[in-house]
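I have placed the structure first, in the form of structure tokens, so that the comments after it can refer back to it.
The values are calculated or read from the model by the stated rules, or taken from the named source; none is laboratory data. Remember, predicted model here, so these are calculated numbers, not experimental data. When we count neighbours, we look across all protein chains shown, and the Cβ atoms used for this are built from the backbone with ideal geometry, even at glycine.
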Amino acid sequence: MSINNNNNNNNNNNECFMLVLSSPSGAGKTALANKLLEIDNSFKLSVSVTTRTPRKGEINGEDYFFVSNEEFSRMIKNNELLEFANVFSNKYGTKTELVNNALINGKNVLFDIDWQGVKQLKDNLKISDQLVTVFILPPSLSELNRRLKNRALDSEETLKKRMLEAEKEISHWVDYDYVIINDDFEKCFNKLNSIVNAEKLKKFRQKNLEKFTTFLKFK
Ligand code: 5GP
């Protein structure tokens with residue numbers, strides 16, 4: 001893995017990959033990410049930095065690194081962020097060091113970032129096939145609206161804004177490698193897991209494959 005900024009490190013494992021999940025909020029991406037992290041210890045979550053205020057129950061360093069606007073600007077200036085974007089009037093970014101360390105330690109990295117971040121990752125990575133992007137679609141906008149209402153995290157006004165943002169986010173699905181419609185959580189997770197397993201089987205990600213096939217020839 002090569003990350004094209006000042007923190008370039010050639011010790012990264014080429015077998016590892018960066019899996020991005022994007023979706024409008026309410027489409028189930030966080031639950032999918034949590035389940036993947038729970039069952040597959042080859043993954044490490046890229047905990048993002050954000051200027052938004054923590055929601056009830058969110059833990060600094062686990063859900064996000066919650067920072068001030070000044071700290072966020074300092075991180076950009078110091079080239080500490082691999083990508084960053086404004087989402088829903090708040091700033092979000094990915095810590096380069098965290099991603100690099102995970103890759104060096106042989107971990108795949110899981111990202112929960114929006115389409116703007118994906119675009120920047122694509123531009124910043126030297127080896128494009130290390131990036132695997134998955135877009136999670138809700139079954140319909142009305143179902144998304146229903147899920148957001150049930151979540152009861154937002155005021156009526158914020159909910160309206162979220163729905164407008166959702167439509168914008170959804171328009172970027174075409175730029176992703178894979179698309180999954182989340183009409184049923186278990187089915188959706190199984191599809192995500194199939195993608196992960198297929199990606200792991202790509203020949204360039206399998207260590208010692210050449211040695212093994214040479215051995216087969218002479219057996
Ligand atoms: P929330 O505030 O609901 O946790 O996240 C809002 C949106 O910001 C989500 O769509 C999420 O994917 C996106 N997001 C979270 N972290 C990052 C990040 O580091 N970079 C980018 N580009 N988007 C992020």
**Prompt:** In segment 67-92, what residues are hydrophobic (A, V, I, L, M, F, W, C), surrounded by 17 or more Cβ atoms within 10 Å (Cβ to Cβ) and either at pLDDT 95 or above or touching a Pro at 6+ places or on another chain (Cβ under 9 Å) (or both)?
**Reply:** VAL67, PHE72, MET75, LEU81, LEU82, PHE84, ALA85
**Request:** Could you check, for segment 158-168, whether at least one of its residues is surrounded by 15 or more Cβ atoms within 10 Å (Cβ to Cβ), over 27 Å from LEU37 (Cα atoms) and without any contact (Cβ under 8 Å) to a residue 24 or more places away in the chain?
**Result:** yes
**Complete:** For segment 161-173 the number of residues that are farther than 19 Å from PHE111 by Cβ and not in a helix (DSSP H, G or I) is 1
**Asked** How about segment 43-57: which of its residues are within 11 Å of the chain's Cα centre (by Cα) and aliphatic (A, V, I, L, M)?
**Response** LEU45, VAL47
**Prompt:** For segment 97-108, what are the residues that are more than 16 Å from PHE66 (Cα to Cα) and either surrounded by fewer than 17 Cβ atoms within 10 Å (Cβ to Cβ) or within 12 Å of the ligand (Cβ to nearest atom) (or both)?
**Reply:** GLU97, VAL99, ASN101, ILE104, ASN105, GLY106
**Asked** Restricting the first residue to segment 113-129 and requiring it to be closer than 15 Å to ASN86 by Cβ and outside any helix (DSSP H, G or I), which pairs with a second residue that is within 12 Å of the ligand (Cβ to nearest atom) and of a type in the set (Val, Ile, Thr) meet a Cβ separation below 9 Å and a spacing of at least six or different chains?
**Response** ILE113/VAL20; ILE113/VAL87; ILE113/THR94; ASP114/VAL87
**Message:** Can you say whether LEU121 is of a type in the set (A, V, I, L, M, F, W, C), farther than 27 Å from MET18 by Cβ, within 12 Å of the ligand (Cβ to nearest atom) and out of contact with any Ser or Thr (no Cβ under 7 Å at 6 or more places or on another chain), as far as the supplied structure shows?
**Reply:** no
**Prompt:** If you check every pair at least six apart or on different chains, which have Cβ atoms under 8 Å apart with a residue in segment 42-69 that is on the phi > 0 side of the Ramachandran plot first and a residue that is within 10 Å of the ligand (Cβ to nearest atom) and part of a loop (DSSP other than H, G, I, E, B) second?
**Reply:** GLY61/VAL47
**Asked** Restricting the search to segment 174-196, which residues are part of a helix (DSSP H, G or I) and exposed (fewer than 15 other Cβ atoms within 10 Å of the Cβ)?
**Response** VAL174, ASP175, PHE185, GLU186, LYS187, ASN190, SER194
